[in-house]
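The structure appears right after this line, and notes come after that.
Just so it is clear, none of the values below were taken in a lab; they were calculated from the coordinates. Bear in mind that the values here come from a model prediction, so they are computed numbers and not experimental data. Cβ sites come from the backbone with ideal geometry, for glycine too, and all protein chains shown count toward neighbours.
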């Protein structure tokens, strides 16, 4: 019953609009081909849109990463500025204390000089019996006063510089905060856009999967129709279209026989065994080319189909082979028949490495 589903699905696609009169098998095949072309066109459009979306997602991811790095750098700079400001504020209190002490000392010395009469210079001279001593004392007081004034000027300049640096640090810190907030807002917008694109891409991928199944069903139905009515190969069958790659069809490939899995993949087993009817037809899961057809030690009669993109299916334990090496195949084309024991051995290989066929084909349990 499961093997009839692709044909039923394909015919339902073709006969969605009832024809004015009954169709011949050849007309039905042409209708299948036309529907296939439409689906392939849709597949190409969706694939191009998906590729464009993926590029946009990659670009958005890079922008988001750059915004995150920029925000991290600004946060680090802000932390460094805070440390510098804290250090300068720690130095501010001793500086203010020193300035206050120097001012007090300066004023005390000024008062002392005033008392000594230094303001007019004559009283200092009058109080001294030795003119040289008086002159020397005057010079000492002048030097002392000059030193105190210089120290006071330096303290004032240091205080002024401290205030300027504090203002600059505050402005720089505020600027960094604004820039970081702007960067985070930008990153938020980019993240929202990234999520929207991901949702759209996910929907397109779901549609691609449905298209893959319909395309495979149409190709299989066309092959079945040709076999059922012994239709000749269509001359000039060159619509220039090819099936989507087998990697895109992963999980949607047709089962090679009607049957159930009796032996699974893994634990030393490189393939699975499908139990089918005696001499049941074995079909190609997807389009491709016969890479090998003949006897192989340990496998019996074997057909290996090259599906492209480094993917091969190995169909073994056959009673007969109906294809030859180099033959082009469509999904559903018969390649042979199951042996008398009704068991088909199936391997799927990706880059020559066995992988679980149940992840590639629509198989029953």
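Which value in nm describes the separation of the simple spin-label points at residue 104 and residue 209, placed 7 Å from the Cα toward the beta carbon?
A separation of 8.4 nm, rounded to one decimal place.
For segment 300-364, what relative contact order do you get, as a whole percent, if you take Cα pairs closer than 8 Å and at least 6 residues apart?
32 percent
Test of understanding: ordering 272, 321, 84 by Cβ neighbours within 10 Å, fewest first, what list do you get?
84, 321, 272
What is the order of 209, 219, fewest Cβ neighbours within 10 Å to most?
Taking fewest neighbouring Cβ atoms as first place, the list is 209, 219.
From zero outward in steps of 10 Å, how is the percent of C-alpha pairs of segment 268-365 spread across the bins?
17, 55, 27, 1
Quick one: in segment 184-318, what % of C-alpha pairs are over 20 Å apart?
Value for segment 184-318: 62 percent of Cα pairs lie more than 20 Å apart.
Using a simple spin-label model with points 7 Å from Cα along the Cα→Cβ vector, what separation in nm is obtained for residue 51 and residue 279?
Result: 4.8 nm between the two label points.
FRET efficiency for residue 202 and residue 76, Cβ-Cβ distance as r, R0 = 30 Å, nearest 0.05?
With a Förster radius of 30 Å, E is 0.25.
Using the 10 angstrom Cβ neighbour count as an exposure proxy, how do 24, 49 rank, fewest first?
The most exposed by this proxy come first: 24, 49.
At residue 340 and residue 58, where each label point lies 7 Å from the Cα along Cα→Cβ, what is the point-to-point distance in nanometres?
Inter-label distance under the simple model: 5.6 nm.
What is the extension gain from residue 260 to residue 37, computed as 0.36 nm multiplied by their sequence separation minus the C-alpha to C-alpha distance, in nm to one decimal?
Full extension of this stretch gives 77.0 nm more.
Work out, step by step, the length gained on full extension between residue 291 and residue 191: first 0.36 nm times the residue separation, then minus their alpha carbon distance; give nm to one decimal.
31.3 nm
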